[in-house]
Amino acid sequence: MSEKIDVRGLSCPLPVVTVRKKLLEMKNGVLEVLVDTGTSRDNITRMAVNTGWKVEAKEEDGEYRLIISSKKK
Amino acid sequence: MIEKLMQMTRASGCAAKINPKDLENFLSKIKQTKDKRLLAGFEHNEDAAVYKLDENTGIVFTLDLITPVVNDPYTFGQIAATNSLSDVFAMGGKPLMALNIVCFPEEERKYHLLDMILQGGADKVAEAGGLLAGGHSVNDKEPKYGLAVVGLVDPKKVIYNNTPEVGDFLILTKPLGVGIISTAIKGEIAEKRVVDKAVFWMTKLNKLSQELLELNIHSLTDVTGFGLVGHLSEMILLSGKELGVEVSIKDIPVIDGIYNYINMGMVSKGAMRNQKIYSCLVEKNINLSFEKEIVLFDPQTSGGLLISIDPQQVEKAIKLLHQEGFAESKIIGEVIKSKSKERIKIC
């Protein structure tokens, strides 16, 4: 089962900081993140990829759903 | 309890500027006063307004106000004042007198923070040779601080932001990256040695010696909210001539340690916005990684001066800048003739 986190409405750089903390706790698995700006989508993606996660982004009504998963199953 | 100034604010420093395209739109609706005494006004996004009193005397007038970029209130006061005073220096002027402008949340009653902010500002005005003469305050949710500054300039020696000449060399006097570092401070991942470096540069006055100002400087501006590329674009596009610039990426001074913060997602909305607006002007002649490229768009608070100077005098200028404490000043490129849409060539 994946975990979910909603960082919409948070000001920069809190979305990426919040997701980073969550990923450090999880260590592996799948995290679904809701973000409302392109900047946060890009920052979270960059951080996650650079710390060894895979990211898939989907745009939904001007907002974004990021599926972050660990590379090792 | 540790009180963190940056937790009291949303966007920080010059990254909190209104979108330049929207700003242009609003400003175009304001009726502009044409008067031959007004040597610099709205027309080419000058750093400050200049009013000619007589043949030998001009007044430089500017106002700047920013949100916190560091947590320490005294340091923030120094940075905000240095940033405000910079606009006078960027016109070739000398500050005479300044007024505080401050927004602060009354409800929280953290007036000791406000005391420190104002003290930091007052110390910088004194260091710049100006007099602090009053101010104005507003009760506001987010703290903000800055100065309105009046300075003096010889009207014949005003240095505009849009008067570079083909063949000029471009000098940048401070390293880039302070916007990314303040985002990393807010994200609580910034290391002390990197923050110290950023604070050192943000609190360094952009005051140049008379000897430097008397060199053949054709154009001068400070690099702030629109990032290096944004301010370069103003310099060439608003010149009214067919000018471009060729910039060497390896020569652009950057504060050590910022690439790691970029990889950890510490890029401000302001940097992404600047990139979106100005990247259509950029021609990349080399492969640029995201982190190297985004630094060129990073909004700088109290950033360095961008000097367009006669190539004959560039060596002397660099030598003097180094003597005056701008130890990381570098020649970053050259002004060229260009009709191309992509007038900023990165090599």
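Quick note: the coordinates plus some simple rules give every number you see, no bench work behind them. These numbers were taken from a predicted model, which means no experiment stands behind them. Every residue, glycine among them, receives a Cβ derived from its backbone with ideal geometry; neighbour counts consider all protein chains shown.
Numbers for the structure displayed
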item	result
Average beta carbon contacts from partner chains per residue of B:259-269, 10 Å cutoff	6
Packing rank of A:8-18, B:335-345, B:291-301, B:238-248, where each peptide gets the mean count of other beta carbons within 10 Å, highest leading	B:291-301, A:8-18, B:238-248, B:335-345
Acute angle (nearest 10 degrees) that the helix A:38-50 long axis makes with the longest principal axis of chain A, alpha-carbon atoms	10 degrees
Average Cα contact separation per residue, chain A, under 8 Å, 6 or more apart, as relative contact order %	33 percent
Euclidean distance of C-alpha centroids, the stretch B:191-270 and the stretch B:276-338, integer Å	6 Å
Descending semi-axes in Å of chain A, equivalent ellipsoid built from Cα gyration tensor	18, 13, 11
Positive minus negative residues near A:Leu66 (Lys, Arg vs Asp, Glu; Cβ under 10 Å)	+1
Rh by Kirkwood over Cα pairs, then Stokes-Einstein D for the stretch B:192-250 at 0.890 mPa s and 25 °C, µm²/s	173 µm²/s
Full-stretch length increase - B:Leu99, B:Gln313 - with 0.36 nm per residue and alpha-carbon distance subtracted	73.4 nm
Two-site FRET efficiency, A:Asn28 against B:Leu23, from Cβ-Cβ distance with R₀ of 45 Å, rounded to 0.05	0.45
Debye log10 I(q)/I(0) at q = 0.17 Å⁻¹ for the stretch B:90-229, Cα point scatterers	-1.19
Kirkwood-type radius of the stretch B:5-157, with distances r between different C-alpha atoms, in Å	16.3 Å
Two-decimal Rg/Rh across chain B, once Rg and the Kirkwood Rh are taken from alpha-carbon atoms	0.95
Label point distance in nm, A:Ser2-B:Arg109, each placed 7 Å from Cα along Cα→Cβ	4.8 nm
Cα-only Debye scattering, the stretch B:169-346: base-10 log of I(q)/I(0) at q = 0.08, 0.14 Å⁻¹	-0.23, -0.72
Antiparallel bridge percentage (DSSP; both residues within the protein assembly as shown; nearest 5)	75 percent
Percentage relative contact order, the stretch B:169-346, counting C-alpha pairs under 8 Å, at least six apart	48 percent
More than 38 Å apart - percent of Cα-Cα pairs taken over the protein assembly as shown	22 percent
Fraction of antiparallel bridges per DSSP, chain B only, in percent to nearest 5	75 percent
Within-9-Å neighbourhood charge of B:Ser302 [Cβ basis; K, R +1; D, E -1]	+1
